[in-house]
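Any read-out appearing in this document is the output of simple, stated calculations on the displayed coordinates, not a laboratory observation. Fair warning: this is a prediction, and the values are worked out from it, not measured in the lab. Positions of Cβ are generated from backbone atoms using ideal geometry, with glycine treated the same way; all protein chains shown enter the neighbour counts.
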Amino acid sequence: MIHIERLRRRYSGHEWEPVEAGRSGAGVWRLTGTPSYFVKADGNRDHAGLSLRGEAERLAWLRASGVPVPEVVEQDADDDVAWLVTTVVPGRTAADDWPRERHGALVDALAGFTRDLHTIPAGTCPFDRTLAVTVPEAREIAEAGLVDLDDLDDERAGWSADRLVAELAATTPASEDLVVCHGDLCLPNVLLDPETLRVTGVVDVGRAGVADRCQDLALMTRSLTSGELNPQYGPACADRFLARYGVAPDPSKIAFYRLLDEFF
Ligand SMILES: Nc1ncnc2c1ncn2[C@@H]1O[C@H](COP(=O)(O)OP(=O)(O)OP(=O)(O)O)[C@@H](O)[C@H]1O
Ligand SMILES: [Mg+2]
């Protein structure tokens with residue numbers, strides 16, 4: 001896997017604990033010490049349009065815009081490896097096991113956070129994740145053979161990359177309701193204070209940028225209804241999230257943004 005020996009030596013006073021990796025293939029570690037940090041490391045290349053440099057730039061911009069995100073401690077790369085060291089966001093992720101009686105308030109907090117994020121004036125955001133950028137990028141990823149066809153949503157299980165590309169072209173929305181989106185707004189990427197249920201921060205912002213609000217609504221409601229990944233929630237929680245958010249999204253747009261996510 002990734003050669004991070006140099007980084008390990010620099011933070012040798014910390015205890016390195018691997019965090020179960022997400023889908024990007026990046027390595028993530030929690031570094032326990034004073035203070036503690038998180039390290040994300042990846043091959044020094046763009047992976048599906050993502051880079052740790054891009055993630056660090058987004059963290060800095062979001063922070064300056066008042067969005068709670070970790071602080072960048074360092075971001076750099078050598079010939080082989082890129083890495084990102086950040087401060088720790090306190091709290092527990094929304095994907096943790098929360099007591100059932102707190103689910104309603106937790107979902108309301110997620111919706112309030114999403115609403116606040118989406119009220120940042122899109123014109124101030126330098127990161128473009130509109131369809132003019134993401135659809136061609138998705139096509140390039142498919143052409144390069146980089147779509148993980150073994151990890152498709154159930155409704156597309158067994159599809160070929162060509163079929164995904166054809167469906168993407170056939171269902172691309174004609175218009176976009178542009179806001180500042182997180183870009184991968186799923187339960188494990190949001191942390192909350194266990195006492196107050198306030199959102200303490202979001203992580204994994206490598207795909208943040210200007211996009212249709214359904215980019216975030218589609219992935220959060222999918223996360224809330226994924227019986228496999230987050231069985232503690234369910235459709236009633238997803239409905240509550242949208243009601244609290246306050247916009248009833250177009251179902252065909254929701255379907256499109258979930259399809260688009262298959263490519264990344
Ligand atoms: N700065 C941080 N503070 C608190 N928790 C963090 C931080 N960075 C990462 N984590 C934890 O580590 C997990 C994995 O990190 P992250 O989401 O950035 O990587 P990933 O999911 O592997 O990336 P990707 O989704 O791009 O594949 C997060 O879900 C979160 O629980
Ligand atoms: Mg993640």
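Given a cut-off of 26 Å, what percent of all Cα-Cα pairs of the chain lie beyond it? Everything past 26 Å amounts to 42 percent. Each Lys and Arg adds +1 at its Cβ and each Asp and Glu adds -1 at its Cβ; summed about the Cα centre, the range 92-261 shows a dipole of about 540 debye.
Placing unit charges on the Cβ atoms of the charged side chains and taking the dipole of the chain about its Cα centre, the candidate lying farthest along the positive direction among A236, A211, G91 is G91. Remark: the Cα gyration tensor places the range 5-87 in the oblate category, a/c being 1.5 or greater and a/b not exceeding b/c. Here the simple spin-label model places points 7 Å from the Cα toward Cβ, and for D80 and T172 these points are separated by 3.9 nm.
With a cut-off of 9 Å between beta carbons, the residues surrounding A111 carry a summed charge of +2, where Lys and Arg count +1 and Asp and Glu -1. Inter-part distance, the range 30-93 to the range 213-243, computed on C-alpha centroids, equals 26 Å.
Each stretch of four or more DSSP H residues adds -39500 (n - 2.57); spread over every residue of the chain, this sum gives -11000 deg cm²/dmol at 222 nm. Would you mind classifying the range 142-193 by shape? Square roots of the alpha carbon gyration tensor eigenvalues, ordered a ≥ b ≥ c; an a/c under 1.5 is rounded, otherwise it is prolate if a/b is larger than b/c and oblate if not. Oblate, because a/c is 1.5 or more while a/b does not exceed b/c. With a ≥ b ≥ c taken as the square roots of the eigenvalues of the C-alpha gyration tensor of the range 203-264, please select rounded if a/c is under 1.5 and otherwise prolate if a/b is larger than b/c or oblate if it is not? Here the range 203-264 falls in the oblate category.
Counting beta carbons within 10 Å around each of S51, S12 and listing the fewest first gives the order S12, S51.
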